[in-house]
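Q: Below you will find the structure I want to go over with you.
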Amino acid sequence: MPAPESEAVSAAANLIASSRQPLITGLATDVAGVKAALALAKLSGGVVDHGNSDVLYRNIETLRQSGMFVASPAEMRRRADRFLIVGPNVPDDAPDLLGFLFGGTRDLGRPSADGEPRRIVWLGGAAGATLPSNGIALDPVPCDAEALTDAMGMIRAALGGRRFRAGSIATETAAVIAETLSKASFACIVWSAASLDAIGVEMAAGLVADLNAVTRASSIALSGGGHAWGAAQIATSVSGFPLRVGYGRGEAVHDAWGYDGKRLIASGECDLVVDVSALETLAPVDARRLPLIAITGHDEPPGGAKVAFQVGIPGRDHAGVLYSDHAASFITVDGVRGASDMPTADGILRAIAEALGSTAAKRAA
Amino acid sequence: MLTHLRGGHVVDPVNGRDGVGDVYILDGLIVSGPQDGRPADETIDATGMVVMAGAIDIHSHIAGGHVNTARLLLPEYHKAFTARPDKTPLSKAGWTTEETGLLYAAMGFTTVVEPAMAPSAALHAHLELADIPIIDKATLVILGNDDFLLSMIRDGEGSQAIDDYVAQVVSTSRALGVKTINAGGSAAFKDNVRAFSFDDEVPDYGVSSRRIVKTLQGAVSRLGIAHPLHVHCNNLGIPGTSAESAAVTMQSAEGVPLHFAHIQFYGYGSGGKRAFSSEGTRLAEIVNATPEITVDIGQVMFGQTVTVSSDAMRQFGGRAGASPKKSVIQDAEANGGGILPIDYKRANYYNALQWAIGLELFLLIEDPWRVFFTTDHPNGAPFTAYPDVFALLMDRNVRQRWIEALPKAAVKMTRLSELTREYTLSEIAIMTRAAPAKLLGLADRGHLGEGTIADVSLYRDGADKTAMFGSAAYVFKDGHLVVKDGDVVSRRMGRTLTLDTKADPAMARRLDAYYDEKYGIPSRWFEVPGDALGLADPFKVVPWQR
């Protein structure tokens, strides 16, 4: 419903003010947008979560339960001599990452212990899919998506010299992969949590830890699209927690199950959804039948929104700061379309917060 | 606006003040008294209070990727995670950016230095600093495991090129100084080297740790960066080897300033039946005899905490001691790093002796201008443990009570019981105000002389130093009242102090080409544009006096 922005802002603030438990989600936005969303959640006593947090949390749970080895892609590009790509989703999640990773010249580190050249093993890639291997030897190893955890367990068992039975891949294949990785000077394992369940991520992280007993190894763990990892990083420094936080008691309370945004929508425990969907890498959140405030950078605004705001996309319509899987940190991006007068998600969220603040002040008076 | 702080015990060693007197604040600056007889707009009765400049922490890990990974790794220590917040020491740790500013301010600290910013993660560090309220911040940028510098040294490049590189990194990352962390050790670790000492060479480069430290020391000195090269030595925490590494690195200063970080973690010998003994006396004697060096302590206090370090090799080596048993080890373009939780237990021989070694160093190093107050937050303890450390330094009876609670075997291995020294208020003001300002090259703070910024802390004097320093009666930041009776009353933003070191523009072009050719990445990823931080006025540029 197109409306003058100030009216829409007031309408959104009124909806939030009348809500028992608003959910601020999506969070497919830049750092300024994430910070503004957190501030709005705090002000409104709402819950804040990312639209893709079910995938994100597979990595987060493993990281905080047992730890991880993590690497920056730029260093791996120059140093790693053995790569294990796990599952079919890496090329979709980070379209340019593998081309970058394999695209340079290995000029750091010792020769591989077996004297063989660089090698990529792709475990469970989609049938017929290819990787931009840039001339590096590529061994595709077919494996069903749901059997990846099992396959990695076999590789770990082979690496540790433990007995194991044939499973989703042949025992000999598992032994060869283990051998190939253990002869690395520096092995790099890349996965997307979109391809794995939580145990699969733990198995992948465990494989990296095991490899470090004999050589060097690390991992690049992708957490799905929509700036999920970046939003979690910012939420962690601002609130202490990687999202799934409720501000109902005024301060940040973290409950990875209780404040799972998708669960709150499905169960109807929240009564209003604010969806921030200002990046192309994440579809808008499905608010089901709940009232929706949509802040969207997609060309097609979602149907059924009570209030909708069309905003720019950082890196396309305006400048901003985003976490980059390539950089393994935050980077600045420019608006390449030139000067755009489209509002930003950050600006809309702050305007709503300001209106909400004055609404609350009026009610108190 | 003229504020009159009346009748407090003013402790301002730089200006020779240690007695009852007045302090005046006019429009954010200290003035000597009311001009042309105008009355004060506001008078605060400071009777019974100690008045000092705002405190300055030179080494506290408060922002950036590794700190945030520690937050991610340890959600259980955040107060909101647990129903029993008081039972978990880190619940008070200032775990979020906001709490960091509020808790530091409540203790009368007004400037804090994040000492370990990777050039590749500078923007992340500054994004977090931008959310820390009240206090001024600054960073030290890490060099010494980066391919560019190691290659330059290997290839015998001249000091002009080295200086241009260091100047370029300091200015683009918006740092105030330079730190080196296990110089060469992280690079060697990526080649699976698991122990690395001062005269060992980094594979791939054939460059020793000593050459890296001396190269950076020379560059920092020639560039006129006020803060000396900040050194985290090799072999941190390893009994015997650590003390040797610190000793040999200190002796390499050769008359040029060097700062040594958290030397408590190097004060470990391998004597006694547990092969863990104190080398506190030895290190203190070296410091006392080497006037060009300064140190901070990294005091250990008991309780759960987490170690956050860009020394990837050491953190990897320490994984077996992690408690709870989990860790994150990062490999990156240069240092990488590691995050390990640790629970220092009073009843544990090793932890008790670590605690004692830190205090031995504090008490045996004679010159308060050259020893700095840190717990290496959060590595030895969260910064919220500072008030207890003040009490331990200022009151030998407090120390004795703590010593009596330690394992007897540990007490036998430390000289701490025989050390009767008690820090005076004036020495505390030197160590936490005047000396840090001098060490960092911040002429505008650290004392209460005319024209300095009005960062002022007032404490209710009392025998209980923990209570006194834990909760300031009043704190002014740039002349604004920000804390009253230990509570924050205003959340205005401070700024991040930076040094705009100029480099030959050819170096920027060379780095553009280098990052593109070697790593396939743009050099702008290493830059921190002021307008990316969401603040109107994020930086205060410190004059660069070359």
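Q: Less than 22 Å apart at the alpha-carbon level, and either on another chain or at least 8 residues along: which lysines does that give for B:K190?
A: Hits, sequence-local ones excluded: A:K183, B:K179, B:K326, B:K518.
Q: For chain A, what is the calculated [θ] at 222 nm in deg cm²/dmol (nearest 500), taking -39500 (n - 2.57) for each run of four or more DSSP H residues and dividing by its residue count?
A: On the way: 12 runs with 136 residues, N = 365.
Only helices count here, giving -11500 deg cm²/dmol.
Q: For the range A:272-340, what log10 I(q)/I(0) values come out of the Debye formula at q = 0.18, 0.19, 0.21 1/Å, with one point per alpha carbon and no solvent?
A: Here log10 of I(q) over I(0) equals -0.72, -0.78, -0.87.
Q: For peptide A:71-82, what's the mean number of Cβ atoms from other chains within 10 Å of each residue's Cβ? The partial results should precede the final answer.
A: Values: counts 6, 11, 5, 9, 10, 2, 4, 5, 6, 1, 0, 0.
Whole-number average of other-chain Cβ neighbours for A:71-82 is 5.
Q: Can you list, largest first and rounded to whole Å, the semi-axes you get for the range B:133-207 by taking the square root of 5 times each eigenvalue of its Cα gyration tensor? Provide the component values of the computation, followed by the final result.
A: Values: eigenvalues 131, 60, 14 Å².
Taking √(5λ) for each eigenvalue gives 26, 17, 8 Å, largest first.
Q: Less than 12 Å apart at the alpha-carbon level, and either on another chain or at least 8 residues along: which aspartates and glutamates does that give for B:K477?
A: Correct list for B:K477: B:D27, B:D136, B:D455.
Q: Can you list, bin by bin at 20 Å, the percent of alpha carbon pairs in the protein assembly as shown, starting at 0?
A: Cα pair-distance distribution for the protein assembly as shown, in percent: 15, 46, 34, 6, 0.
Q: Sequence gap at least 6, Cα distance under 8 Å: using those rules, report the relative contact order of the range B:186-258 to the nearest whole percent.
A: So the answer I get is 27 percent.
Q: Gap in Å between the Cα centre of the range A:88-164 and the Cα centre of the range B:460-515?
A: 46
Q: Next question, about the same structure. Taking amide hydrogens as modeled 1.01 Å from N in the peptide plane, which residues meet the under 5 Å criterion relative to B:S323, leaving out close sequence neighbours?
A: Distant-sequence amide H within range of B:S323: B:I342, B:D343.
Q: Tell me which trypsin sites (Lys or Arg not before Pro) from the range A:140-185 have a DSSP coil assignment and no more than 10 other beta carbons within 10 Å of their own. Could the numbers behind the result be given before it?
A: Values: sites: A:R156, A:R162, A:R163, A:R165, A:K183; in loops: A:R162, A:R163, A:R165, A:K183.
Within the range A:140-185, the qualifying trypsin sites (Lys or Arg not before Pro) (loop, at most 10 other Cβ atoms within 10 Å) are A:R162, A:R163, A:R165.
Q: Determine the shielding of peptide B:140-152 by partner chains: average, over its residues, the number of Cβ atoms on other chains within 10 angstrom of each Cβ.
A: Numbers: counts 0, 0, 0, 0, 0, 0, 0, 5, 0, 0, 0, 0, 0.
For this peptide, the per-residue mean of nearby foreign Cβ atoms is 0.
Q: Would you list, by chain and number, the aspartates and glutamates whose Cα falls below 13 Å from the Cα of A:K362, excluding same-chain residues fewer than 8 positions away?
A: A:E354
Q: Report ³J(HN,Hα) in whole Hz for each residue of the range A:74-80, in order, from the Karplus equation J = 6.51 cos²θ - 1.76 cosθ + 1.60 where θ = phi - 60°; Gly and Pro get x.
A: Each residue's phi maps through the Karplus curve to give 4, 5, 5, 4, 8, 10, 5 Hz.
Q: Evaluate the relative contact order of chain B (contact order divided by residue number), counting alpha-carbon pairs under 8 angstrom at least 6 apart; express in whole percent.
A: 20
Q: Residue-wise, which Karplus ³J(HN,Hα) couplings in Hz belong to the range B:131-145, taking 6.51 cos²θ - 1.76 cosθ + 1.60, θ = phi - 60°, and x for glycine or proline?
A: 3J(HN,Hα) across the range B:131-145, in whole Hz: 9, 8, x, 6, 6, 7, 10, 7, 10, 10, 9, 8, 10, x, 10.
Q: Considering the range B:416-546, what Rg and Dmax in Å follow from its alpha-carbon atoms?
A: Taking only Cα atoms of the range B:416-546, I get Rg and Dmax of 21.2, 63 Å.
Q: Over chain A, what is the relative contact order in whole percent, taking alpha-carbon pairs under 8 Å and six or more residues apart?
A: The normalised contact order for chain A reaches 26 percent.
Q: On the first, second and third principal axes, largest extent first, how far apart are the outermost C-alpha atoms of chain B in Å?
A: Principal extents (Cα only, largest first): 68, 59, 50 Å.
Q: Given the DSSP H assignment, sum -39500 (n - 2.57) over each helix run of at least 4 residues in chain B and divide by its residue total; what's the result at 222 nm in deg cm²/dmol, nearest 500?
A: So the helix-based figure for chain B works out to -8500 deg cm²/dmol.
Q: Sorted by average packing, counted as other Cβ atoms within 10 angstrom per residue and highest first, what order do B:298-308, A:19-29, B:361-371 take?
A: For the peptides B:298-308, A:19-29, B:361-371, the packing ranking is A:19-29, B:298-308, B:361-371.
Q: Can you give me the Kirkwood hydrodynamic radius for the range A:136-259, using every pair of distinct Cα atoms, in Å to one decimal?
A: Here the Kirkwood hydrodynamic radius works out to 16.5 Å.
Q: What is the mean number of Cβ atoms from other protein chains located within 10 Å of the Cβ atom of each residue in peptide B:330-342, rounded to a whole number?
A: Counting Cβ atoms of other protein chains within 10 Å of each residue's Cβ and averaging gives 4.
Q: Further question on the same structure: I'd like the distance between the alpha-carbon centres of the range B:314-330 and the range A:325-357, rounded to an integer number of Å.
A: 37
Q: Could you sort the peptides B:7-13, B:463-469, B:129-135 by per-residue average Cβ neighbour count (10 Å cutoff), highest mean leading?
A: Ranked from most to least packed, the peptides come out as B:129-135, B:7-13, B:463-469.
Coordinate-derived values only; no laboratory data. Keep in mind the model is a prediction, meaning the values are calculated, not measured. We place every Cβ from the backbone using ideal geometry, glycine too, and count neighbours over all the protein chains shown.
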